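The values are calculated or read from the model by the stated rules, or taken from the named source; none is laboratory data. The structure presented is a predicted model; accordingly, all values stated were derived computationally and were not measured. Cβ atoms come from the backbone with ideal geometry, glycine included; neighbour counts cover every protein chain shown.
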Amino acid sequence: MATFRQSPVNIHGNSDAVLAGWVREARSRTLELVADLSDEQLMGPQLRIVNPLLWEIGHVTWFQEKWALRHAGGEAPIRAHGDALYDSAAIPHDTRWSLRLPSREDTVAYMTTVRDRVLERIEQGKLSEQERYFITLGVFHEDMHTEAFTYTRQTYGWRAPFLPGTKSHLFSTTKSGRTRSRSVLSLSRARP
Ligand SMILES: [Fe+2]
């Protein structure tokens with residue numbers, strides 16, 4: 001049976017350990033949702049209702065870097081052209097397939113670097129309320145996109161992802177080869 005948080009999350013009451021766990025979990029889920037896809041699938045056929053996944057995994061990382069590290073933490077940009085590549089408010093949807101995106105390996109390295117820098121800031125034990133807010137915002141934003149990664153796979157008719165910690169695949173394949181949603185999921189993370 002699906003379980004969901006019943007009460008609002010108190011982001012100011014979280015321990016640093018809980019927040020660090022959320023950061024790790026969100027990035028792990030993103031990586032799990034694209035790990036089995038080919039490079040071609042990461043730039044799958046252009047559709048109006050999805051994003052190219054190679055762009056989208058870079059975008060969630062850029063968002064985390066921009067708000068948690070640069071805005072709240074005062075750090076310098078990690079990538080010189082990050083804003084020109086990954087700012088969803090500035091880059092029209094149709095052009096995201098024609099950007100000169102970093103390679104898959106380069107993108108994963110960026111994802112790891114940003115995550116680790118955020119974790120370092122948490123582990124220093126001196127987070128301001130603003131940093132805590134924007135780190136949490138990055139987690140929730142990434143959670144939203146992991147839902148998008150999942151429906152992108154479903155939209156293209158690709159194999160359902162196997163997600164460690166869940167009881168079943170998110171959707172099943174019918175005899176006709178089409179996919180359909182399953183109604184019984186267990187996806188929630190244990191958040192207060
Ligand atoms: Fe976004």
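Determine whether Glu32 is assigned to a helix (DSSP H, G or I) and touching a Pro at 6+ places or on another chain (Cβ under 8 Å). Before you say what the answer is, go through the steps one by one.
Working: assigned to a helix (DSSP H, G or I): yes; touching a Pro at 6+ places or on another chain (Cβ under 8 Å): yes.
In short, yes.
With (1) modelled with pLDDT of 95 or more; (2) assigned to a helix (DSSP H, G or I); (3) not polar (S, T, N, Q) as the list, and Pro45 as the residue in question, which single condition is left unmet?
Going through the list (1) modelled with pLDDT of 95 or more; (2) assigned to a helix (DSSP H, G or I); (3) not polar (S, T, N, Q), Pro45 breaks only (2).
Test Phe162 against the criterion of being modelled with pLDDT of 95 or more and of a type in the set (Phe, Trp, Tyr), and give yes or no. Give the derivation first.
Details: modelled with pLDDT of 95 or more: no; of a type in the set (Phe, Trp, Tyr): yes.
Taking the combined requirement at face value, the residue does not satisfy it.
Select from the range 136-166 the residues that are touching a residue at least 40 places away in the same chain (Cβ under 8 Å), within 16 Å of the ligand (Cβ to nearest atom) and not acidic (Asp, Glu) and list them in ascending order.
Thr136, Leu137, Gly138, Val139, His141, His145, Thr146, Ala148, Phe149, Thr150, Tyr151, Thr152
All but one of (1) at pLDDT 95 or above; (2) surrounded by 16 or more Cβ atoms within 10 Å (Cβ to Cβ); (3) out of contact with any His (no Cβ under 9 Å at 6 or more places or on another chain) hold for Glu123; which doesn't?
Going through (1) at pLDDT 95 or above; (2) surrounded by 16 or more Cβ atoms within 10 Å (Cβ to Cβ); (3) out of contact with any His (no Cβ under 9 Å at 6 or more places or on another chain) one by one, Glu123 breaks only (2).
Any residue at all in the range 110-124 that is within 16 Å of the ligand (Cβ to nearest atom), free of Cβ contacts under 8 Å to residues at least 24 places away in the same chain and not in a loop (DSSP other than H, G, I, E, B)? Steps first, answer last, please.
Step one: filter the range 110-124 for residues within 16 Å of the ligand (Cβ to nearest atom), giving 110-111, 114.
Within this subset, residues satisfying the condition of being free of Cβ contacts under 8 Å to residues at least 24 places away in the same chain are none.
No.
Out of all the residues in the range 21-62, which are buried (at least 19 other Cβ atoms within 10 Å of the Cβ) and under 16 Å from Arg121 (Cβ atoms)?
First, pick out the residues of the range 21-62 that are buried (at least 19 other Cβ atoms within 10 Å of the Cβ): 22-23, 26-27, 29-30, 33-34, 37, 44, 50-62.
Within the range 21-62, Trp22, Val23, Ala26, Arg27, Thr61 qualify.
Answer with yes or no whether Ser172 is modelled with pLDDT under 95 and either outside any helix (DSSP H, G or I) or buried (at least 18 other Cβ atoms within 10 Å of the Cβ) (or both). So that I can check it myself, show each step before the final result.
Details: modelled with pLDDT under 95: yes; either outside any helix (DSSP H, G or I) or buried (at least 18 other Cβ atoms within 10 Å of the Cβ) (or both): yes.
So Ser172 passes the test.
Can you name the condition, by its number, that Pro77 falls short on among (1) closer than 30 Å to Lys126 by Cβ; (2) surrounded by 17 or more Cβ atoms within 10 Å (Cβ to Cβ)?
Of (1) closer than 30 Å to Lys126 by Cβ; (2) surrounded by 17 or more Cβ atoms within 10 Å (Cβ to Cβ), only one is false for Pro77: (2).
Is there a residue being in contact with a Phe, Trp or Tyr (Cβ under 7 Å, 6 or more places away or on another chain), within 13 Å of the ligand (Cβ to nearest atom) and within 17 Å of Thr112 (Cβ to Cβ) anywhere in the range 66-86?
There is at least one residue in the range 66-86 that is in contact with a Phe, Trp or Tyr (Cβ under 7 Å, 6 or more places away or on another chain), within 13 Å of the ligand (Cβ to nearest atom) and within 17 Å of Thr112 (Cβ to Cβ).
For (1) outside any helix (DSSP H, G or I); (2) among the acidic types (Asp, Glu); (3) more than 18 Å from the chain's Cα centre (by Cα); (4) more than 25 Å from Arg159 (Cα to Cα), each residue gets a yes or a no:
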{"site": "Gln41", "(1), (2), (3), (4)": "no, no, no, no"}
{"site": "Arg79", "(1), (2), (3), (4)": "yes, no, yes, yes"}
{"site": "Ser88", "(1), (2), (3), (4)": "yes, no, no, yes"}
{"site": "Glu105", "(1), (2), (3), (4)": "no, yes, no, no"}
